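Trainee: Below is one structure. I have some questions about it.
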Amino acid sequence: MSRRWEPLLEQVARERYGRLVARAMLYERSRADAEDLVQDALVATFSARGSFTSVEQAEAYVRRAIATRFLDRARRRTVERRVLATVGARPEQPDEIQLGLSADLRAALATLQPRQRACVVLRHLEDLSTRETAQALGLSEGAVKRYLSEAVRALNALLSLDLPVDDDLDVPVGNVDGTARTEVRND
């Protein structure tokens, strides 16, 4: 049985792993959890044996798989928290991570509901369109717009910003060096 996908998996892991972990760290607070998320996404992507023709195409699919795996984990954590609260145990607090975003922005992102956070990361940090974000998360475009609107309102309140709440946003995003830049979105 031929495994034509193995060389592409090896290339993605070798060339893009660091970038994938950096993206996963937007969802997860600890590097270890982000690495686990990337591993889960790689397994899901390549066990489905998609017909990728390039490393870029495979990486894009893995990035979307990271978002969906994050949402799956968030749902499980919610159930686990309820169970732990019932028996009186407390979950461990995740480690703080270093990332190219300001500590205030990371903290504000952490307060968002999982779907809101996934929509913000995919739409504004992964630079997907509203339609692509909806497809990646298995949501309607209207739901994505609603989650984005709610998230922007929450971020405005937490960060004392005055970003517009519609889908054409001037979004402050972080550069790798930690400096801020503003990006205008018109999809």
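The values are calculated or read from the model by the stated rules, or taken from the named source; none is laboratory data. Because the structure is a prediction, the values reported are computed rather than measured. Neighbour counts are summed over all protein chains in view; Cβ atoms, including those assigned to glycine, are modelled from backbone coordinates with ideal geometry.
Trainee: Filter the stretch 128-178 down to the residues that are farther than 23 Å from Met25 by Cα, part of a loop (DSSP other than H, G, I, E, B) and modelled with pLDDT of 80 or more and list them by number.
Mentor: Ser140, Ser160
Trainee: Could you please give the count of residues in the stretch 140-153 that are of a type outside the set (Asp, Glu) and surrounded by fewer than 18 Cβ atoms within 10 Å (Cβ to Cβ)? Don't jump to the end; show me each part of the working.
Mentor: Pass one, the stretch 140-153, residues of a type outside the set (Asp, Glu): 140, 142-149, 151-153.
Pick out the ones that are also surrounded by fewer than 18 Cβ atoms within 10 Å (Cβ to Cβ) and you get 140, 142-143, 146, 149, 153.
Final tally of qualifying residues: 6.
Trainee: As an exercise: evaluate Gln98 against (1) exposed (fewer than 15 other Cβ atoms within 10 Å of the Cβ); (2) modelled with pLDDT of 90 or more; (3) among the polar types (S, T, N, Q) and give the number of the one condition it does not meet.
Mentor: Status for Gln98: all satisfied but (2).
Trainee: Of all residues in the stretch 36-63, count the ones that are assigned to a helix (DSSP H, G or I) and within 16 Å of Leu9 (Cβ to Cβ).
Mentor: Going residue by residue through the stretch 36-63, those that are assigned to a helix (DSSP H, G or I) are 36-47, 55-63.
Filter once more, keeping what is within 16 Å of Leu9 (Cβ to Cβ): 38-47, 55-63.
Residues that pass the stated criteria total 19.
Trainee: Ok, one more. Only one residue in Ser149, Ser129 is without any contact (Cβ under 8 Å) to a residue 40 or more places away in the chain, over 19 Å from Val21 (Cα atoms) and not assigned by TED's automatic domain parsing to the domain that holds Arg69. Which one? Walk me through how you get there before you give the answer.
Mentor: Numbers: Ser129 fails: without any contact (Cβ under 8 Å) to a residue 40 or more places away in the chain.
None of the other options fit; the residue is Ser149.
Trainee: Which count do you get for residues in the stretch 30-63 that are more than 18 Å from Leu122 (Cβ to Cβ) and surrounded by fewer than 19 Cβ atoms within 10 Å (Cβ to Cβ)?
Mentor: Qualifying residue count for the region: 16.
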